[in-house]
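Engineer: For reference, the structure I am asking about is given below.
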Amino acid sequence: MSRASEKLKTAESFAGKVDGPLWRHPTDRRIVLPYRFAAAVALMQSGMEDFSVIAAAVGLKVVQVRQIDTAQTPAVRLLALKGIPAGQFFRLQTHVRCPSCRSLIFTAPCVACSSAQAEALLEQNAAD
Ligand SMILES: [Zn+2]
């Protein structure tokens with residue numbers, strides 16, 4: 001089976017068709033999945049729990065977001081384990097409120113919270 005049909009199978013095993021480009025993890029070649037799935041994972045890892053808000057923000061159905069939450073495909077499971085790579089931001093289709101800082105965001109994860117985290121890490125490293 002070709003690589004392309006394997007990827008297609010991953011998308012098709014989810015409820016309904018998934019439009020849009022694929023996203024590749026920059027360092028883990030096993031992680032290739034629809035951009036919208038990766039964006040949904042990024043929102044979940046930001047602490048967003050409302051599946052209908054996530055679905056609208058990334059352009060998926062609620063049932064698909066639920067499937068991502070239960071990590072039903074290996075690529076989603078791997079991404080959930082590894083986390084979204086630092087510096088990676090996914091463009092959202094609707095503005096949502098960041099669960100941490102409550103500001104309106106149009107990327108996942110929240111840019112403000114991510115840079116605050118990065119600064120805290122830098123300070124921690126400098127103190128060591
Ligand atoms: Zn935030």
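No lab work stands behind these numbers, since they all come straight from the coordinates. This one's a predicted model, so the numbers in the text were calculated from it and none came from an experiment. With ideal geometry, Cβ positions are generated from the backbone for all residues, glycine too; neighbour counts draw on all protein chains shown.
Engineer: Run the numbers for Gln45 and Arg102: contour at 0.36 nm per residue of separation, minus the present Cα-Cα distance, in nm.
Structural biologist: Using 0.36 nm per residue and subtracting the Cα-Cα distance, I get 19.0 nm.
Engineer: So who's got an amide H within less than 5 Å of the one on Val96, skipping anything under 5 residues away but keeping other chains? H placed 1.01 Å off N, in plane.
Structural biologist: Long-range HN contacts for Val96: Ile105.
Engineer: Hey, can you grab everything whose amide H is under 5 Å from the amide H of Phe90? Only 5+ residues off in sequence or another chain; H modelled, so Pro and N-termini drop out.
Structural biologist: Placed amide hydrogens put Ala108 under 5 Å from Phe90.
Engineer: A further question on this structure: How much length is gained on full extension from Arg91 to Asp19, taking 0.36 nm per residue of separation minus their Cα-Cα distance?
Structural biologist: 24.4 nm
Engineer: Let me ask something else about it. Go ahead and collect, in residue order, the members of the range 65-84 whose backbone nitrogen is under 17 Å from a label point 7 Å along the Cα-Cβ direction of Asp28.
Structural biologist: Taking a point 7 Å out along Cα→Cβ of Asp28, the residues of the range 65-84 whose backbone N falls under 17 Å are 68-84.
Engineer: Further, regarding this structure: When the Karplus curve 6.51 cos²θ - 1.76 cosθ + 1.60 is applied with θ = phi - 60°, which whole-Hz ³J(HN,Hα) does each residue of the range 30-36 get, with x for Gly and Pro?
Structural biologist: 6, 9, 10, 8, x, 3, 5
Engineer: Whole angstrom only: what separates the Cα centroid of the range 25-47 from the Cα centroid of the range 60-100?
Structural biologist: So the two Cα centres are separated by 6 Å.
Engineer: May I pose another question? If you fit an axis through the alpha-carbon atoms of helix 3-12 and take the longest principal axis of the Cα set of the chain, what angle between them do you get, 0 to 90°, nearest 10?
Structural biologist: Helix 3-12 sits roughly 80 degrees off the main axis of the chain.
Engineer: Still on this structure, I have one more. Short version: ³J(HN,Hα) in whole Hz for each residue of the range 111-128, in order, from phi by Karplus 6.51 cos²θ - 1.76 cosθ + 1.60 (θ = phi - 60°), x for Gly and Pro, what are they?
Structural biologist: 3J(HN,Hα) across the range 111-128, in whole Hz: 5, 4, 5, 5, 6, 4, 5, 5, 5, 4, 5, 4, 5, 4, 5, 5, 6, 5.
Engineer: Another question, if that's okay. Non-local amide H neighbours of Trp23 (under 5 Å, H modeled in plane, Pro and chain starts lacking H): which ones?
Structural biologist: Here Leu33, Tyr35 satisfy the definition.
Engineer: Provide the packing ranking of 43-51, 116-124, i.e. peptides ordered by the mean count of other C-beta atoms within 10 Å per residue, highest first.
Structural biologist: 43-51, 116-124
Engineer: Please compute the contact order of the chain in relative form: average sequence separation of alpha-carbon pairs under 8 Å and at least six residues apart, divided by the residue count, as a percent.
Structural biologist: Over the chain, the number comes to 22 percent.
Engineer: Determine ³J(HN,Hα), in whole Hz, for all residues of the range 68-74 in sequence, where each value follows from phi through the Karplus function 6.51 cos²θ - 1.76 cosθ + 1.60 and θ = phi - 60°; x replaces Gly and Pro.
Structural biologist: 5, 4, 8, 6, 7, 10, x
Engineer: Something else now. Can you pull the one-decimal nm distance between simple spin-label points at Val63 and Ala118, each 7 Å off the Cα toward Cβ?
Structural biologist: That separation, rounded to one decimal, is 3.9 nm.
Engineer: Further, regarding this structure: In the neighborhood of Pro85, defined by Cβ-to-Cβ distances under 12 Å, what is the net charge if each Lys or Arg adds +1 and each Asp or Glu adds -1?
Structural biologist: Values: positive: Arg24, Lys82; negative: Asp28.
Net local charge, Pro85 excluded: +1.
Engineer: Which order do peptides 28-34, 55-61, 96-102 fall in by mean Cβ count within 10 Å, highest first? Working shown, then result.
Structural biologist: Details: 28-34: 17.1, 55-61: 21.3, 96-102: 15.3.
The packing order, highest mean first, is 55-61, 28-34, 96-102.
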